[in-house]
Amino acid sequence: MTNKPKDWVFSDPRLKEMRQDYDAYTEEDFKVWKILFERQIVNLPKAASKAYLEGIKEVNFTADRIADFADVNKRLAKSTGWAIQVVPGLIDDDLFFGLMNNKRFCSSTWLRTMDQLDYLQEPDMFHDAFAHMPMLTNQPYVDFLENLSGIALRFIDDKWAIELLSRIYWFTIEFGLIREDGDLKIYGAGILSSAGETKFSLSNEPKHYEYNVRKILNTPYWKDKFQDKYFVIESYEQLYRSLPEIEEVLGEMVAEAAKG
């Protein structure tokens with residue numbers, strides 16, 4: 001993997017020509033988007049990070065209109081240079097990280113149905129768009145995402161290393177909290193798209209830890225229930241500055257595992 005050019009991913013045969021067919025969205029799709037949007041957006045002015053609140057305005061998301069990736073790409077091109085890459089759903093790790101290492105965020109285009117409003121096993125485009133895309137307007141955040149993916153590609157053939165790195169991704173990009181003006185705020189997409197976890201994550205019920213690379217790498221996570229612990233950053237620049245430590249500690253843990 002390390003011998004491949006950075007843009008190898010764009011010629012990979014697994015990356016089929018896919019696009020968002022906006023005209024294919026049904027009346028139910030628009031209702032689902034509107035319900036989910038309106039149910040969650042009221043919780044976020046006091047709960048979400050400033051970067052998210054600024055970002056959702058920048059990408060121009062509204063309750064009455066499902067996110068249009070063509071429009072999002074034009075807006076991101078002017079802010080951070082990122083773009084949305086349509087994918088069918090969950091994809092192989094090397095493709096996922098390869099795209100992000102080339103400033104392409106993966107998103108499905110399908111929406112959950114009315115009877116799936118509260119829980120899905122696999123993220124749909126409401127999660128991908130509403131929760132993730134506004135944060136793509138923040139430069140230190142996307143710089144972290146791009147370079148974290150570069151680290152993943154250097155370790156891509158080691159399943160244990162990728163499992164460890166998934167913990168960093170999980171406790172930052174998906175379930176991260178940030179301290180702003182002394183208050184805890186949300187930037188993790190897994191929380192931002194969940195009304196229940198928005199309230200829970202900021203309460204006194206779970207544990208809140210300062211951002212600590214080694215501790216995160218040693219902390220497994222849950223996929224099927226609210227987290228019992230969250231890690232708090234002080235700034236998005238802190239995330240970016242932690243990349244050398246992530247690679248160093250990851251290398252140590254991989255070497256230790258190889259010995260045992």
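Here are a few things to note about the model shown:
- For a label point 7 Å along the Cα-to-beta-carbon line of ASP115, residues of the range 16-35 with backbone N under 17 Å: 28-29, 32
- Whole-number percent relative contact order across the chain, with pairs defined as alpha carbons under 8 Å at least 6 apart: 20
- Net charge contributed by nearby residues that have their C-beta within less than 14 Å of GLU205 (K/R +1, D/E -1): +2
- Cβ-defined net charge surrounding VAL249, 15 Å radius [Lys, Arg +1; Asp, Glu -1]: -2
- Distance between the range 82-126 and the range 190-223 - C-alpha centres, whole angstrom: 21
- Segment ARG39-LYS4, length gained on full extension (0.36 nm per residue, minus Cα span): 8.2 nm
- For the range 8-259: Kirkwood Rh in Å [reciprocal of mean 1/r, alpha carbons]: 18.6
Only the coordinates and a few stated rules stand behind these numbers; no lab work does. None of the values given here were measured: they were computed from a predicted structure. Cβ sites come from the backbone with ideal geometry, for glycine too, and all protein chains shown count toward neighbours.
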